[in-house]
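First comes the structure, then the notes that go with it.
The values are calculated or read from the model by the stated rules, or taken from the named source; none is laboratory data. Remember, it's a predicted structure, so these values are computed and weren't measured experimentally. Here the Cβ positions follow ideal geometry from the backbone for every residue, glycine too, while neighbour counts run over all protein chains shown. Ligands, DNA and RNA are stripped out before the accessible areas are found, and what is left, the full protein with its side chains, is counted by its heavy atoms. Shrake-Rupley method; radii C 1.70, N 1.55, O 1.52, S 1.80 Å.
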Amino acid sequence: MTQVYPRWFSRALFVLMVLAVLIRIFYWHYTDRTWEDALITVLHSENAARGLGLTHLQPPGQPPLHGFTSPLSVLIPLIGDLVHVGWGVSFLKLVSAFAAAIAVWLAARISQVVDLPPALALTAAAYIAFEHHQILWGMAGMETEVVTVAYLASIYAMQRGTQWQKGLSFGFVMLARPDAAIWVAIAFAVELWR
């Protein structure tokens, strides 16, 4: 049974969620950093927005070249590029900044389900909010924060979700990263055992 946390917990969690978004936006504004991997991925979404498909441009006679890691890593920037070609990386950074708030909330809820004391649940949420790799990679144009949300949502669904929520979370995590097949196999085996 999930323990009831004191009223101050919700307020503190909300503050952490807001700070997670703000620190990412500040870092994005301060550094304006973009990694090469993000540029490789976004080239596919820019080409798709131009009507050339999700590929790199190749010399005539060459087969199309696939170069993105996961469907979500290219489909999220595609939304930005469909509005205006060149906005893909910025849109992915914006989505990553707000995904951080969801990740913070999920970390706290997972901690609550496993009956951690409120202070430890907030510590787990704060780690997600301020861990430097999450900030660095997400604000460099990578899909890291979306992947974090996908995994945490799947873990939370395994704890509290219905069968269709679990299945949906498995699909979401597979769209986030192909190597999530390892997690899905483990979680599926747990579900069969249950």
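Considering Cα pairs under 8 angstrom that are at least six residues apart, work out the relative contact order of the chain and quote it in whole percent.
Contact order relative to length: 25 percent.
Probe radius 1.4 Å, ligands and nucleic acids left out: which of Ile25, Ile128 has the largest accessible area, and how do the rest follow? Don't skip to the answer; put the middle values down first.
Numbers: Ile25 65, Ile128 25 Å².
Correct descending sequence by accessible area is Ile25, Ile128.
Just to confirm a number: summing +1 for Lys and Arg and -1 for Asp and Glu over residues other than Thr31 whose beta-carbon lies under 13 angstrom from that of Thr31, what do you get?
Net charge in that neighbourhood comes out at +2.
Normalised by the residues of segment 76-168, what does the relative contact order come to in percent, with Cα pairs under 8 Å and at least six apart?
Averaging sequence separation for qualifying contacts and normalising by length gives 29 percent for segment 76-168.
Any idea of the accessible area per residue across the chain, 1.4 Å probe, to the nearest Å²?
54
Let me check something: with ligands and nucleic acids excluded, how do Leu13, Leu65 order by accessible area (1.4 Å probe), largest to smallest?
Order by accessible area, largest first: Leu65, Leu13.
Which shape class applies to the chain: rounded if a/c is under 1.5, otherwise prolate when a/b exceeds b/c and oblate if not, where a ≥ b ≥ c are the square roots of the Cα gyration tensor eigenvalues?
Details: a/c = 2.97, a/b = 1.51, b/c = 1.96.
Oblate, since a/c reaches 1.5 and b/c is not below a/b.
Accessible area of segment 118-194 with a 1.4 Å probe: how many percent of it is carbon plus sulfur?
Ligands and nucleic acids excluded, carbon and sulfur give 74 percent.
Can you tell me the relative contact order of segment 124-194? Whole percent, Cα pairs under 8 Å, sequence separation 6 or more.
22
Go through 179-190, 161-172, 34-45, 141-152 and give me the packing order, highest mean Cβ count within 10 Å leading.
Per-residue Cβ counts within 10 Å, averaged per peptide and sorted highest first, yield 141-152, 34-45, 161-172, 179-190.
Within segment 50-126, list the trypsin sites (Lys or Arg not before Pro) lying in a DSSP loop whose Cβ has at most 16 other Cβ atoms in a 10 Å radius.
Here the trypsin sites (Lys or Arg not before Pro) that fit, given the DSSP loop and packing criteria, are Arg50.
Sort Arg194, Arg160 by heavy-atom solvent-accessible area, probe 1.4 angstrom, most to least. All intermediate terms of the calculation are to be shown ahead of the outcome.
Details: Arg194 155, Arg160 130 Å².
Sorted by accessible area, descending: Arg194, Arg160.
Among the complete DSSP H segments of the chain, which ones combine at least 27 Å of alpha-carbon extent along their axis with a mean Kyte-Doolittle hydropathy of 0.5 or more?
Numbers: long enough: 7-31 (37 Å, 1.12); 88-113 (36 Å, 1.53).
Within the chain the helices that satisfy the rule are 7-31, 88-113.
How much solvent-accessible surface does His84 expose, in Å² to the nearest 10, with a 1.4 Å probe and all protein chains in place?
100
Compute the Cα gyration tensor for segment 71-176, then decide on rounded, prolate or oblate, letting a ≥ b ≥ c be the square roots of its eigenvalues: rounded whenever a/c is under 1.5, prolate when a/b is larger than b/c in the other cases, and oblate in all that remain.
The shape class here is oblate.
For segment 130-171 and segment 1-71, what is the separation of their C-alpha centers, rounded to whole Å?
Comparing the Cα centres of segment 130-171 and segment 1-71, I get a distance of 12 Å.
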